[in-house]
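What follows is a single structure, written as C-alpha cells, with notes after it.
The values are calculated or read from the model by the stated rules, or taken from the named source; none is laboratory data. Everything quoted here is computed from the prediction, not taken from an experiment. Every residue, glycine among them, receives a Cβ derived from its backbone with ideal geometry; neighbour counts consider all protein chains shown. Heads up: the accessible areas ignore ligands, DNA and RNA and are worked out on the full protein's heavy atoms, side chains in. Shrake-Rupley method; radii C 1.70, N 1.55, O 1.52, S 1.80 Å.
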Amino acid sequence: MKKRWWNDKIAYQIYPKSFCDSNGDGIGDIPGIISKLDYLKDLGVDIIWLSPVYKSPFVDQGYDIADYYAIGEEFGTMEEFDLLLAETKKRGMYLIMDLVVNHCSDQHVWFQKALADPESEEAGYFWFVKGENGAPPSNIRSYFGGSAWEPVPGTDKFYLHMFAKEQPDLNWENPKLRQKIFDMVNWWLDKGLAGFRIDAIINIKKTSSFFSYPVDGPDGLSACAHMVDEAQGIGDLLQELKHETFEKYDAFTVGEVFNMKPQELEEFVGDEGHFSSMFDFAAHQLGESEKGWYDSKDVEFAAWRETVFAAQEKMHGIGLLSNIIENHDEPRGASHYLPLRAQNELGKKMLATTFMFLRGIPFIYQGQEIGMTNCRRNDISEYDDISTHDQYNLALRSGCTKEQALRCCYDYSRDNGRTPMHWTGGENAGFTTGKPWLALNPNYTEINAAEQENRPDSVLNYYRKLTALRKQEAYRETFTYGKFVPAFEKEEGIFAYIRENEESGQRILIAANFGTEIATLHLCGGREVLLSNCGKEAEYQADIKGGKLTLDSCESAVILLWA
Ligand code: GLC
Ligand code: CA
C-alpha cells in the first residue's frame, strides 16, 4: 500500500448550519467555524470536512446546490471562506468540502435554462425523458419517496431526480456536463482546498434504458437503487473525474459509496483507486429494512462486531476505509450502538475506544466528542428533515400508530445529528444568541463542551487522549498501517482486536466489554497499558503482569503487547 499524506490523519465533520452561529441569526456560519478552529486543533483534528456551504434553497439542507461557485449567504462570504481556508492552514490542518454532483438544485441556472428551453444545451445536462401516454418513463421511486420522475412543464417529458424533486439528476453521460464539473472541482482545488467528500457518487451511473421494475411497495413503485445496481461502467466516469481533477493536486477524496459491488473494492480504494478512501457504512446498514425505518431492527452486539470485523478484514492489503459511528444522515452513535444501560460517559468512552483504533481514517462527527445523543420530539412538525417526513408518513401508511411512527423518527431521523452543537450549558447552548434554526436537544444543560473542558474524566478529554495516542510517534505506524486482527471473538460481549505492525512486529490490543458481566481475558504478552476509559491504568498494569486483563462492564483498554 502506498503511503499518502492523508493515511495517518484524523478527520472531523462539521455540519455548518448547526456548528456555531456568529451573528445571532440562528444559523451556524463560517466566522463561527473560524472561532472554533483552536478547539478542533486541541481535539487532535487534522482534516475538516464541511458539509455543503454553497448557495442553496435548502430543500435538502444544502445538498441541493444552486451555485457551485458561491457561498450561501447564510454561511458568509467568499472572503470569509478564504479566511477559513487560511486559518485552517495556519494551524497545520486541511479543509475539504462536500462535492455534490449527482444532482444540483432546481434553482441552479442550468436547470432554469433547461426548463425555459428543453432543446437547450443545458437541457442535455439533465435527464429529460419522454413519458408514456402522460405517465412517467418508469416506475422508480426516489430515495426520498414518490416517483423519481417529475413532468417538465409544457412538454411530454419528465426529468429524473433520485432524491427530492428539487434535486434534478445531472447527466454524466454528457461530456460537456462532465467538463463543467471538472472545471468547478479544479477551481476549488486551485484555491487550496485539500480535497472532497463525495456525495451519493455511486448514483451518477445508471441504466439509461429506464424500464420499470417489479413493484416493491404500497405506492406501486420500485426502488431506484435497481437502476444503479444494474448499471455498468461507473469506473470509467470515476477514473476520468480523478485524472482530470484530484490526481493533479494530490487531493484527498472520500466517497459516500453505498451499493458498491464487493469485487470492486480495489478499484475504488486501492492504490490506483477512484478515491483515497470511502466510508464504511456496513454497520450502519445493519438492521435496515427495505420497507422503511418503521421496520428496522435494533443493532445486536454480536452482529455489529461481526460486521465491523468483516469490513476491516476485507480491506487488508487494499487500502483504508473511513470509519464513523455517526454523521449528518445517521442517528447519534451513542444512542444507536450502545444499549440503554451503557448510554453514559463510560459507555461513550468505550465506544470511542473501539472506533478510534480501527484500521482506516477516523471521522469524528461534530458533538460526538462530547457524547451528544439522539433527540426526542413530540410531534412530526418539530422535524425539519425531508426524509424524516417521508419515513413518518410511510410508517403511518403501513399501519403504525402516531406514537410508533414518531418512535422510529426518534431512532433514525437525520435531525438527530443535526441539532445545534452544545458549546455551553447556557442559553441556546452557546450555539447562537438568536433563535436556533432547529430546536436544540434539551440535554445540552448536562452534555456540553464547556462543562467537559476542564473536567479530566470527561468524554471530551478522553477523545483528546484517544487522538493523541493514535498519533503518538511510537505507535503511529501501527495504528495507520498495521494489520487488523480480531481477538477474543469467542468471548460474548467483548469487542477486541489487535493492530499488528508487520514490519516492526509491534502489536497493540484494543479491548472493550460491552457485556453486563465482568470479564477476564487471558492475555499472554501484555507489556504496557496505554489507556483506560476509567482511569484504571495501574490496576490493569498489575493485571497484565499476571497474564490477564479484567474488564468490568463498559470498561475498555488499549494495551501494548510484547512484539
Ligand atoms: C447524501 C448526503 C445526504 C443527502 C443526499 C443527497 O447521502 O449525505 O445528506 O440528502 O446525499 O444529496
Ligand atoms: Ca449565522
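Details
- For peptides 97-109, 339-351, sequence by mean Cβ density within 10 Å, most packed first: 97-109, 339-351
- Translational diffusion of segment 141-251 was estimated from the Stokes-Einstein equation, with Rh taken as the Kirkwood radius over Cα pairs; at 37 °C and 0.692 mPa s the coefficient is 208 µm²/s.
- Euclidean distance between Cα centres, segment 401-445 to segment 502-563, Å: 37 Å
- Here each label is just a point 7 Å from Cα along the line to Cβ, and for LYS545 and THR516 those points are 3.5 nm apart.
- Computed over the chain, the quotient of the alpha carbon radius of gyration and 2.2 N^0.38 Å is 0.97.
- For LEU531, distant residues with modelled amide H under 5 Å away: VAL558
- Amide proton proximity set for TRP49, modelled H, under 5 Å, gap of 5+: TYR12, GLN13, ILE14, ILE96
- Crossing angle, helix 459-471 versus the chain [Cα axis fit, 0-90 degrees, rounded to tens]: 90 degrees
- Nonlocal amide H pairs with PHE58, under 5 Å, H built at 1.01 Å: ASP64
- Per residue Cα convex hull volume in Å³ - calculated over segment 109-160: 77 Å³
- Tail fraction, Cα-Cα pairs, segment 508-559, threshold 17 Å, whole percent: 21 percent
- Surface exposure of the chain, expressed per residue as accessible area with a 1.4 Å probe, stands at 38 Å².
- The chain: angle of helix 234-244 to the longest principal axis, Cα-based, in degrees nearest 10: 80 degrees
- Relative packing of 432-438, 12-18, which averages over residues the other C-beta atoms within 10 Å, highest first: 12-18, 432-438
- Solvent-accessible area assigned to carbon and sulfur over the chain amounts to 49 percent, based on a 1.4 Å probe.
- Sequentially through segment 252-266, phi angles give Karplus couplings (6.51, -1.76, 1.60; θ = phi - 60°) of 8, 10, 10, x, 8, 10, 10, 5, 7, 7, x, 6, 8, 3, 4 Hz, Gly and Pro residues having no value and appearing as x.
- Backbone HN-Hα couplings from phi across segment 395-403 [Karplus 6.51/-1.76/1.60, Hz, Gly and Pro as x]: 4, 4, 4, 8, x, 6, 7, 4, 4
- Most to least packed among 472-479, 246-253 [average Cβ atoms within 10 Å]: 246-253, 472-479
- Too-long pairs where the Cα-Cα distance tops 18 Å, listed order kept, from LYS36/LYS89; LYS113/LYS157; LYS3/LYS483; LYS206/LYS291; LYS490/LYS548: LYS206/LYS291
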